[in-house]
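Read the figures in this text as sums done on the coordinates, not as results from a lab. Fair warning: this is a prediction, and the values are worked out from it, not measured in the lab. Glycine also receives a Cβ, built like all others from the backbone with ideal geometry; neighbour counts cover every protein chain displayed.
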Amino acid sequence: MLLALQCLVIFLIFLYWIRSKNKEFDKIPRPPGVLFLHNTLDFLSDTVPLFYQFRMLSNKYKRLFGIKLGPVNAVFINYPEDIEKVINGSAVSEKGLMYDFVEPWLKQGLLLSEGSKWHKRRKLLTRAFTFSIMSTFKSVIVENCQTFLGKLEKEVNASKTNIMPFIEDFVIHSICETAMGTKLDEEDINFGKLYREGIYKLGQCAFYRAQRVWFHPTFTFKFTEVGKKQEDILKIMNSFRDRVIQSRRKFYNNNKTNIVNDFNDNENDIVQFNGKVKMPLLDLLLEAEKDGVIDEKGIAEEVDTFMLGGLDTTANTIQFTMMLLANHQDAQEMIVNECNNIFGSSDRSATMADLAQMKYLECCIKESMRLYPPIPIINRKVQQTLTLGKSITII
Ligand code: HEM
């Protein structure tokens, strides 16, 4: 019986091996790995060593390299022309396997949805991200910046401070009070802390799963310790999200008109877009629900997508920019000079026009995102033959 089982396992592995063979993929350089398993066990290390491992592979193979995790053939491309071809081309429009591991949190929100659902939602949600809507959020951002700076000021003489919790606090307040239209009260703030920690832990769960090809199928992952931990974290995060939605829904039901104006410095300035009143994200979703365009589940998935998509990326960008400025005092000086030229001796808060003049600061933020991209990998599935340069074919 045991022998038969062993034979069956070996046969299945062999079948798996035959099926995952791909002549074109085999022409792409890749780390050797071991027979049958290929690179399956090569990437089980922690995040920091793994980061170096991938940097080393990119340095070694330059333009592109492959890795083979069980049946999964993955090609990592680094050249801007190749990336452009993938991003703009139709051969690679489907989201890749990595996105399956964040699906339990983001569901079918804008980041993961495809086809007509994506088009409809994108068209709807674009209305919440226009320049004039952003301008109405200025006062909220200024207030949160002042709170953030006040907290940092208290740390000036400390020998060592982890600034990330302060940054995350600033970002979560800013997203909730702008896109979601919800001011966080004391209880929400504690929930918010759990939410922030939750994002970090969910990242770890997704990472753990991505590294282990045998946990890629949901039916194997959900029974693991990590799979169960993910479920528990999601329960906490969902309840924070529901609080945010409920709070705004209550406001919306009580103030059916001019809901955009509670953000607006100028009460008479109802912002229009293609003849429609423009609204912050959550108001727009609630309005669309009233029109039958989206349901409660749809609102929840979009709120999750925008909260999770907006929080970590922005917080990391601020953190890396601050780290680089701390290490490059000359750049700090240039930013101070730029601000002095704009504000002179006034301590007024910045206007949108002032922000447009902060060219050097903008360059610093862009340079920090180039050096430390908050989203370092974009993953796509190849649906049709893709040719890169003259000789590389990916099928
Ligand atoms: C520095 C900050 C940010 C960076 C670097 C960043 C990066 C990215 C990247 C690379 C994608 C494309 C992913 C893919 O197609 O596979 C993306 C999509 C997306 N991001 Fe961001 N993001 C940032 C801030 C934000 C913020 C603040 C929000 C929400 C308020 C947000 C919400 C989204 C959404 C909803 C998508 C999906 C868009 C679509 O498919 O139509 N992001 N982001």
Checklist entry - Could you give the nm distance between label points at residue 253 and residue 362, where each point is 7 Å from its Cα heading toward the beta carbon? => result 4.4
Item to check | Share of pairwise Cα separations in region 115-318, more than 25 Å, in percent | outcome: 45
Next on the checklist: I want to verify a result. In a Gaussian network model of the chain, Cα cutoff 10 Å, which of these has the top mean-square fluctuation: 308, 41, 106?
Outcome noted: 41
Next on the checklist: Pick from 153, 103, 143 the residue whose mean-square fluctuation is largest in a GNM of the chain, springs joining Cα atoms under 10 Å.
Outcome noted: 153
Checklist outcome for this item: Of the residues 203, 251, 356, the Cα lying farthest along the dipole of the chain towards its positive end, which is defined by charges on the beta carbon of Lys, Arg, Asp and Glu, belongs to 203
Checklist entry - Hey, with R₀ at 22 Å, roughly what FRET efficiency would residue 229 and residue 98 work out to, going by the Cβ-Cβ distance, to 0.05? => result 0.70
Checklist entry - Which is farthest toward the positive dipole end of the chain among 112, 374, 190, measuring Cα position about the Cα centre, with Cβ charges +1 (Lys, Arg) and -1 (Asp, Glu)? => result 112
Checklist outcome for this item: GNM of the chain, Cα pairs under 10 angstrom: of 325, 110, 282, the biggest fluctuation goes to 325
Checklist entry - Expressed as a rounded percentage, what relative contact order does the chain have, with Cα pairs under 8 Å and six or more residues apart? => result 22
Checklist entry - Which value in deg cm²/dmol, rounded to the nearest 500, describes the helix-derived mean residue ellipticity at 222 nm for the chain, given -39,500 (n - 2.57) per DSSP H run of n ≥ 4 and division by the residue count? => result -19000 deg cm²/dmol
Checklist entry - Pulled fully out, how much extra length does the chain show between residue 161 and residue 189, if you take 0.36 nm times their separation in residues and subtract their Cα-Cα distance? => result 8.0 nm
Checklist outcome for this item: Exposure-ranked with fewest Cβ neighbours within 10 Å first, 214, 105 stand as 214, 105
Checklist entry - If you plug each phi of region 54-71 into the Karplus form 6.51 cos²θ - 1.76 cosθ + 1.60 with θ = phi - 60°, what whole-Hz ³J(HN,Hα) values come out, in order, with x for Gly and Pro? => result 5, 5, 4, 5, 5, 5, 6, 8, 6, 4, 7, 8, x, 9, 10, 9, x, x
Item to check | Segment residue 197-residue 342, length gained on full extension (0.36 nm per residue, minus Cα span) | outcome: 48.4 nm
Checklist entry - Once both labels are modelled 7 Å past Cα along the beta-carbon direction, what's the residue 36-residue 392 spacing in nm? => result 3.1
Checklist entry - If you line up the Cα atoms of region 328-373 on their principal axes, what length do they span on each, largest first, in Å? => result 34, 23, 12
Checklist outcome for this item: Beyond 16 Å, the calculated P(r) of region 40-130 holds a percent of Cα-Cα pairs equal to 70
Item to check | Net charge of neighbours whose Cβ lies under 12 Å from the Cβ of residue 190, counting Lys and Arg as +1 and Asp and Glu as -1 | outcome: -3
Checklist entry - Tell me, in nm to one decimal, what length is gained between residue 120 and residue 54 on full extension, where the rule is 0.36 nm per residue of separation less the Cα-Cα distance? => result 20.1 nm
Checklist entry - Dividing the alpha-carbon Rg of the chain by 2.2 N^0.38 Å yields what? => result 1.14
